[in-house]
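Report on the following structure.
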Amino acid sequence: MPDGHSHPKYKWIGTRPDRPDGADKVTGRARFGADFNLPGQLVGKVLRSPHPHAIIASIDTSKAEALAGVKAVVTAKDFPEQANLIVPTGEMQVNLRDITRNVMAREKALYEGHPVAAVAATTEAVARAALALIEVRYEVLPHVIDVTDAMKPDAPVLHDHMITEGVTPAPTKASNVAKRIEFKKGDAAAGFAEAEVVIEKDYTTQAVHQGYIEPHAALASASEDGQVQVWSTTQGHFQVRGFCAKLLNLETSQIRVTPTEIGGGFGGKTVVYLEPLAIKLSQKSGRPVKMTMTREEVFRASGPAPGGNVKVRIGAKKDGRIVAAECTVEMQAGAFPGSPVGPACMCAYACYDIDNIHIVGFDVVSNRPKVAAYRAPGAPISAWAVESTLDMLALQLGMDPIDLRLKNAAKKGTKTAYGVTFNTIGLVETLEAIKNSEHYRTPPKPGHARGIAAGFWFNVGADSSAASHVGEDGSVTVISGNPDIGGSRASLALMAAEELGVDYEKVRPVIADTASIGFNFVTGGSRVTFATGLAVVNSVRDMIRELKVRAGKIWNVDPEGVIWENGMAKPAGSNVGDFEPLSLAQIAAQAGKTGGPINGHAQLNVTGAGPGFGVHCCDLSVDADTGIVTIDRYTAAQDVGTAIHPSYVEGQLQGGAVQGIGWALNEEYIYNAKGRLDNPGFLDYRMPVASDLPKIETILVEVLNPTHPYGVRGVGEVPIVPPTAAVGNAISRAIGIRMTDLPMSPPRLSEAIDEATPRMAAD
Amino acid sequence: MAKIHVTTTINGAPTEFLCDPNQTLLDVLRDNLGLTGSKEGCGSGDCGACSVMVDDRLVCSCLVLAPEAEGMKIDTIEGMADGDKLHPLQKKFVEMAALQCGICTPGFLVASKALLAKNPNPTETEVRYWLAGNLCRCTGYDKIINAVMEVAAEMRGAANA
């Protein structure tokens, strides 16, 4: 039963019922990517480059093909060349020419772990033995891992054809800088001339992985008639279909992709790795092929989030008003262009109303796996630098860090550096929510320090389809096409129940495969409850329109004479006639006589996503001997729009905050001198565990999105933006040293403390 | 390589299987016996998604060789509910939104049940340390810890009633 009702005007929205897929997920019944099998299936495995940069001179697969039990071997020559064509994927952009090279290396291997061949065999042991029999002759090239090194004029160049875009005149020589971008508002130089305080600082961050617990997995079955079925753990099965169709020269209608339950994604499952290989292996072998990545493969060869260098310069008046701001971001793209440097630049100062802004970004390739989206892609990197610098400004001016941000906070009507003018937003309310919180009003414990930081994300809408069906007994099925990654079935069912005026338990939400519902953009951009939610609401409205027509037919009145209220058709007024209300079940029972099945449909390109803002407050202590940080108290506040199912909204804030804490304190890709990843496992890539953390308190600030019928804003991504700086600002205040490089791991912190306060000589 | 014949009891039912000498218990559960509720997140004992009970001891089934299960009693997530009645932990995890994607959930439930069998009155810190071998990337652990604490209290209440 509903409890904790936060919206008296609604019956279901704002309640916390059990999620529709709950029982399946606590009993082991729910089927994730690796849980699907077909009769006669083969095991597919990938041979990966041991070198970070090498020409592939030749590949001889004959011995592997001759091994008993091997049914197919594929290399790049099995995939057609692709045009140099950029297509959107989630919140990132990708080039088909690059994708086909990322799923299977062609001329060169560009990172350690880059696929060079794949086999399908009757058992995993045979598949592994076959990989060992493939002879690849590499001509090893010098490699480059670090962004700063990759930008040097004498750096090894990954792509001979790559001329930096966005520079005039265009360079004549290829380099690793794919693109330069720039955002300008006002006159930064004039702003700095007016400033009374100027702070400038350089920051770095390291590549981090989304760390979803479920490795990538796909099962493909290709038929002799050209039809293909795929089961894949993905944030976007329509995306999988689209990419595979392009990469394999098939029509989209020939590929039917069923999304499995998905064991986390956070942006990392918006691209394809295994699916095209599994399809091609299935086509060649005539058998279903199942492929799963090991954790090591996930780390080495799926897309992490980039690291980067950020330079920040902020000028302010003594009263704290910021008059000028600059930012330069150099970001890892991995082996192919397309880092989230654009959003990093756009988000850098989006929280603040500043007249003069100049931001420059560089998209830089190096011999690392191609980066993928990770929760608010790019934003945490620029926020780390900007929010740390603001903390320095607050300290220098002797201002409260929240008051400094309130003084400069973006509001409705604020124009951003990237040109958009905000509609109703809730940054001020969110800052005030922290300021008025019991946490903030209570001073940190002795020996502890407090950090504050804010963060922004756009949120997105995009293409969405939904359908609603009434069964003959009046129960309802709502069909949409976005994998449920964190409780979206519940939020969609709640909105459908509210709209229709029926009980939540009467609505069954279903996630359909690519052949069973119209196109839906990926589960990403914090879009599902907002945009797919709007499609669901519209499909229910379409169904209600039909229900009114049917009630009209039963009563022999015009549909205009029928209203829909509390799950019943009623006469619009006494002039229509004296009719007893008709329930959904009563109308459904007579559907055959009144025109057949009763369904509703909706398809739209949703615009008007409401941006979100978060403010986090962190209390911690630092052990000066070991550099170990203990977080004592943590509160995340966010303008979430209407919290449709508040528990899952809180969950987004808590999960995002903890990923950000990991990013701040421990997580990083560590490469050795040979360009190989040294920590491709959960033991050495240290994600937060339960004992590392305190409670994560949440404050839901419900500033409604005026463009959505229920005021929904996306909530999933904002929470990862503030934590690195909230933690960093607390650490810097605790030890009196400004930390500028992530992660602030124990070795790095103890080194910083040692440098600042030389120890007494041991003797 | 000759297969090895293993006799066990899985979720209360006598179960025999043939396995390769180098097959893990997790692979046998998932691939040979169709018990796919135990998940492989890492294959190296770091994430806890494959947690099962072997002779009432909590283990990562990816670190146990299947032939080692000879004569042992194995309990997996599939055996936690009593028929159509969810275990209080299962019920509470759903009620309190202690899962988002759900991939780590079977492991957390098996580990939590093992904790409450050993320590019916854990402090929050004890719960956090006991569950430190289970990775969850979605929830930030908060609602998981709350659910376990709540079930512990309820089970103590029921035991005292």
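The values are calculated or read from the model by the stated rules, or taken from the named source; none is laboratory data. None of these values were measured; they are calculated from a predicted model. Positions of Cβ are generated from backbone atoms using ideal geometry, with glycine treated the same way; all protein chains shown enter the neighbour counts.
Tabulated data for the structure shown
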| quantity | calculated |
| --- | --- |
| Given (1) among the small types (Gly, Ala, Ser); (2) farther than 24 Å from B:Ser44 by Cα; (3) within 8 Å of chain A (Cβ to nearest Cβ), index of the condition B:Gly157 fails | (3) |
| Out of A:Ala756, A:Ala752, sole residue that is away from chain B (no Cβ under 14 Å), more than 30 Å from A:Glu429 (Cα to Cα), touching a helix residue (DSSP H, G or I) at 6+ places or on another chain (Cβ under 9 Å) and surrounded by fewer than 18 Cβ atoms within 10 Å (Cβ to Cβ) | A:Ala756 |
| Wholly enclosed helices (runs of 4 or more DSSP H) of segment A:518-620 bearing at least 1 residues buried (at least 23 other Cβ atoms within 10 Å of the Cβ) and without any contact (Cβ under 8 Å) to a residue 60 or more places away in the chain | A:533-555 |
| The lone exception for B:Tyr141 - which of (1) surrounded by fewer than 21 Cβ atoms within 10 Å (Cβ to Cβ); (2) under 14 Å from A:Ser691 (Cα atoms) it fails | (1) |
| Qualifying residue in segment A:176-194 (condition: touching a Leu at 6+ places or on another chain (Cβ under 9 Å), of a type outside the set (Lys, Arg) and under 20 Å from A:Val94 (Cα atoms)) | yes |
| Residues of segment B:66-85 satisfying the condition of being out of contact with any helix residue (DSSP H, G or I) (no Cβ under 9 Å at 6 or more places or on another chain), within 14 Å of chain A (Cβ to nearest Cβ) and buried (at least 17 other Cβ atoms within 10 Å of the Cβ) | B:Gly79 |
| Residue count for segment A:416-474, restricted to those that are at positive phi and in contact with a Ser or Thr (Cβ under 8 Å, 6 or more places away or on another chain) | 3 |
| Subset of segment B:39-55 [in contact (Cβ under 8 Å) with a residue 24 or more places away in the chain, surrounded by fewer than 24 Cβ atoms within 10 Å (Cβ to Cβ) and more than 14 Å from A:Thr294 (Cβ to Cβ)] | B:Met53, B:Val54 |
| Failed criterion for A:Tyr648 (all others in (1) aromatic (Phe, Trp, Tyr); (2) more than 14 Å from chain B (Cβ to nearest Cβ); (3) within 19 Å of the chain's Cα centre (by Cα) hold) | (2) |
| Every residue from segment A:569-605 that is within 21 Å of A:Thr477 (Cα to Cα) and under 40 Å from the mean Cα position of the chain (by Cα) | A:Leu584, A:Pro597, A:Ile598, A:Asn599, A:Gly600, A:His601, A:Ala602, A:Gln603, A:Leu604 |
| Test: residue in segment A:428-435 that is of a type in the set (Ser, Thr, Tyr), crowded, with 18+ Cβ neighbours inside 10 Å and in contact with a helix residue (DSSP H, G or I) (Cβ under 7 Å, 6 or more places away or on another chain) | no |
| Residue list for segment A:676-700, restricted to those being in a loop (DSSP other than H, G, I, E, B), touching a residue at least 24 places away in the same chain (Cβ under 8 Å) and either surrounded by fewer than 20 Cβ atoms within 10 Å (Cβ to Cβ) or touching a Leu at 6+ places or on another chain (Cβ under 7 Å) (or both) | A:Arg676, A:Asn679, A:Gly681, A:Phe682, A:Arg686, A:Met687, A:Pro694, A:Lys695 |
| A:Leu620 vs. criteria aliphatic (A, V, I, L, M) and within 14 Å of another protein chain (Cβ to nearest Cβ) | no |
| Residue match in segment A:255-275 (condition: part of a helix (DSSP H, G or I), away from chain B (no Cβ under 14 Å) and in contact (Cβ under 8 Å) with a residue 60 or more places away in the chain) | no |
| Residue match in segment A:9-26 (condition: within 14 Å of chain B (Cβ to nearest Cβ) and of a type in the set (A, V, I, L, M, F, W, C)) | yes |
| The lone exception for A:Ala453 - which of (1) under 30 Å from A:Arg545 (Cα atoms); (2) part of a strand (DSSP E or B) it fails | (1) |
| Segment B:88-101: number of residues that are more than 7 Å from chain A (Cβ to nearest Cβ) and farther than 19 Å from A:Pro646 by Cβ | 3 |
| Scope segment A:475-501; condition in a loop (DSSP other than H, G, I, E, B), away from chain B (no Cβ under 14 Å) and touching a helix residue (DSSP H, G or I) at 6+ places or on another chain (Cβ under 6 Å); matching residues | A:Ser475 |
| Residue list for segment A:224-272, restricted to those being small (Gly, Ala, Ser) and in contact with a strand residue (DSSP E or B) (Cβ under 7 Å, 6 or more places away or on another chain) | A:Ser232, A:Ala245, A:Gly263 |
| Odd one out for B:Cys42, checked against (1) within 13 Å of the chain's Cα centre (by Cα); (2) outside the structural domain of B:Gly133 (by TED's automatic domain parsing); (3) within 17 Å of B:Ala132 (Cα to Cα) | (1) |
| Index of the failed condition, B:Cys104 passing every other in (1) at the interface with chain A (Cβ under 7 Å from one of its Cβ atoms); (2) of a type in the set (A, V, I, L, M, F, W, C); (3) closer than 12 Å to A:Thr27 by Cβ | (3) |
| Some residue of segment A:669-677 being within 14 Å of another protein chain (Cβ to nearest Cβ) and under 20 Å from the mean Cα position of the chain (by Cα) | no |
| Of the criteria (1) among the acidic types (Asp, Glu); (2) closer than 30 Å to A:Gln41 by Cα; (3) at pLDDT below 95, which one A:Glu112 fails | (3) |
| Condition check for A:Lys71: free of Cβ contacts under 8 Å to residues at least 60 places away in the same chain and buried (at least 18 other Cβ atoms within 10 Å of the Cβ) | no |
| Number of the condition not met by A:Lys246 [criteria: (1) at pLDDT 95 or above; (2) more than 19 Å from A:Thr260 (Cα to Cα); (3) not hydroxyl-bearing (Ser, Thr, Tyr)] | (1) |
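Residues checked against (1) among the small types (Gly, Ala, Ser); (2) touching a helix residue (DSSP H, G or I) at 6+ places or on another chain (Cβ under 7 Å); (3) outside the structural domain of A:Val386 (by TED's automatic domain parsing); (4) outside any loop (DSSP other than H, G, I, E, B):
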| position | (1), (2), (3), (4) |
| --- | --- |
| A:Pro142 | no, no, yes, no |
| A:Ile145 | no, no, yes, no |
| A:Thr148 | no, no, yes, yes |
| A:Ile181 | no, yes, yes, yes |
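This table checks each residue for (1) surrounded by 24 or more Cβ atoms within 10 Å (Cβ to Cβ); (2) within 14 Å of chain B (Cβ to nearest Cβ); (3) of a type in the set (D, E, K, R).
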site: A:Ser282; (1), (2), (3): yes, no, no
site: A:Gly286; (1), (2), (3): no, no, no
site: A:Thr292; (1), (2), (3): no, yes, no
site: A:Arg295; (1), (2), (3): no, yes, yes
site: A:Arg313; (1), (2), (3): no, no, yes
site: A:Asp319; (1), (2), (3): no, no, yes
site: A:Ile322; (1), (2), (3): yes, no, no
